[in-house]
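Here the structure comes first, spelled out in structure tokens, and everything after it is commentary.
The values are calculated or read from the model by the stated rules, or taken from the named source; none is laboratory data. Predicted, not measured: the structure shown is a model, and the values here were computed from it. We place every Cβ from the backbone using ideal geometry, glycine too, and count neighbours over all the protein chains shown.
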Amino acid sequence: MGSSVSTNNGHSYRKKGSLKTISPRKLSANLEINQNSSDQHTQTTTERVIKAGREFHNDTKSAYWFPIDDEEQDRLVGEHFAIKALFNGNVPEDVVERYFSLDAPARILDVGCGPGTWIMDVATELPNSELVGIDMIDIFPSDIRPSNVSFKLNNVLDGISFPSDSFDAVHFRFFNLALRSEEWLPVLKEIYRVLKPGGLIFSKEPSALREGNEFFKYVAKAFVDKMVASGQDPLIDEHIEKYMKEVGFEVVQHEQKHVDLSKSESLSKEFLWNLKMVCKSAQPYLADHLGVPHEHYSTFLERLDVELRNKPACIWSFTSTVGRKPL
């Protein structure tokens with residue numbers, strides 16, 4: 001089940017500044033330079049590491065390999081609004097209406113909430129509900145946020161620090177670059193545990209960029225190689241439904257949508273921008289897999305901008321899966 005989606009209303013879904021109100025904690029000025037590292041572009045602190053000028057977490061337990069700096073948070077904000085437009089909302093309302101009263105207060109958990117864009121957007125739509133965001137890195141808004149939103153430091157690999165049957169719904173999006181293959185089932189079991197009977201899990205995962213021209217496939221292969229080297233599953237969008245069923249969920253919706261990056265419509269442009277920023281964010285780890293020297297990476301990004309618009313069309317697919325914990 002899939003559909004190709006584009007818009008022609010001229011509206012930009014990359015709303016920088018509309019929800020991103022507070023920058024993350026700044027790095028300590030006292031950086032410790034790792035003299036023993038073979039990577040001359042690397043600096044470390046207790047919690048953060050700088051690679052090729054970008055800021056990353058320094059938690060060896062986690063396989064997440066994207067930056068956590070302001071530039072990456074801007075990308076995540078843009079990505080949120082593009083995904084919201086692609087799927088016509090933050091959650092599939094037809095599914096929610098089937099199982100819940102939209103007017104009734106609910107308790108909702110956002111796992112891996114990042115800068116909190118999704119949770120704050122939903123909080124304005126559901127003012128009578130309580131929303132909690134958790135992440136392993138403190139990049140949450142600390143001052144300006146809806147009164148029904150709270151955040152908590154919690155690495156999901158350590159378990160979810162809430163009692164069983166605590167939430168009516170859990171949002172769980174874009175963990176393809178965060179979890180190793182063997183970590184999916186334990187994490188889904190934790191989500192199952194904290195959901196109330198009848199509660200819903202909302203998942204979205206991107207495809208591994210399989211359809212497009214030769215340059216696009218060359219970039220896609222580099223991503224797949226890096227994911228495999230990190231122990232991650234490049235095909236998680238195809239496997240997530242099976243994993244949900246394995247831990248006990250009833251899968252009540254499984255939907256895939258496709259974006260043609262070569263089109264001139266606004267939504268295609270938003271995803272084109274996002275993919276270019278993805279490749280920019282991935283530079284410290286992706287450059288070697290691409291065979292591109294760091295000093296030539298900007299040239300690679302310029303060519304990427306051109307090639308993504310060329311035929312055959314480059315297609316980026318996204319899969320939405322909704323699971324329900326049985327009553």
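Taken over the stretch 113-170, the residue count meeting the criterion of being over 17 Å from Val187 (Cβ atoms) and of a type outside the set (Lys, Arg) is 33.
Restricting attention to the stretch 272-306, the residues that are surrounded by fewer than 17 Cβ atoms within 10 Å (Cβ to Cβ) and either in contact with a His (Cβ under 6 Å, 6 or more places away or on another chain) or charged (D, E, K, R) (or both) add up to 5.
Just to be sure, is Ser281 more than 24 Å from Ala229 (Cβ to Cβ) and under 23 Å from the mean Cα position of the chain (by Cα)? Spelling it out, it is not the case that Ser281 is more than 24 Å from Ala229 (Cβ to Cβ) and under 23 Å from the mean Cα position of the chain (by Cα). Name the residue that is surrounded by the fewest Cβ atoms within 10 Å (Cβ to Cβ), counting only residues in the stretch 117-139 that are touching a residue at least 60 places away in the same chain (Cβ under 8 Å) and in a loop (DSSP other than H, G, I, E, B). Filtering the stretch 117-139 for residues that are touching a residue at least 60 places away in the same chain (Cβ under 8 Å) and in a loop (DSSP other than H, G, I, E, B), the one surrounded by the fewest Cβ atoms within 10 Å (Cβ to Cβ) comes out as Asp138.
Within the stretch 140-159, the set of residues being surrounded by fewer than 21 Cβ atoms within 10 Å (Cβ to Cβ), assigned to a loop (DSSP other than H, G, I, E, B) and either of a type in the set (A, V, I, L, M) or in contact with a Gly (Cβ under 9 Å, 6 or more places away or on another chain) (or both) comprises Ile144, Arg145. Within the stretch 188-236, restricting attention to residues that are in a loop (DSSP other than H, G, I, E, B) and at positive phi, the residue that is modelled with the highest pLDDT is Gly231. Candidates are the residues of the stretch 79-116 that are of a type in the set (A, V, I, L, M) and part of a loop (DSSP other than H, G, I, E, B); the one that is farthest from Phe174 (Cα to Cα) is Ala104.
Filtered by the rule that a residue be among the acidic types (Asp, Glu) and assigned to a helix (DSSP H, G or I), the stretch 68-78 gives Asp70, Glu71, Glu72, Asp74. All conditions but one from (1) at pLDDT 90 or above; (2) under 16 Å from the mean Cα position of the chain (by Cα) apply to Ile50; the one that does not is (2). Residues that are among the hydroxyl-bearing types (Ser, Thr, Tyr) and touching a residue at least 60 places away in the same chain (Cβ under 8 Å) were ranked within the stretch 235-268; the one that is surrounded by the most Cβ atoms within 10 Å (Cβ to Cβ) is Ser268. A search for C-beta distances below 7 Å between a residue of the stretch 169-191 that is within 24 Å of Pro326 (Cβ to Cβ) and without any contact (Cβ under 8 Å) to a residue 40 or more places away in the chain and any residue that is assigned to a helix (DSSP H, G or I) and of a type in the set (D, E, K, R), counting only pairs 6+ apart in sequence or on different chains, returns nothing. Does Leu185 satisfy the condition of being surrounded by fewer than 21 Cβ atoms within 10 Å (Cβ to Cβ) and modelled with pLDDT of 95 or more? Here the answer is yes, as Leu185 does meet what is asked.
Would you mind finding the one in Arg75, Arg107, Arg98 that is out of contact with any strand residue (DSSP E or B) (no Cβ under 9 Å at 6 or more places or on another chain), closer than 28 Å to Gln253 by Cα, basic (Lys, Arg) and in contact (Cβ under 8 Å) with a residue 40 or more places away in the chain? On inspection, the qualifying residue turns out to be Arg75.
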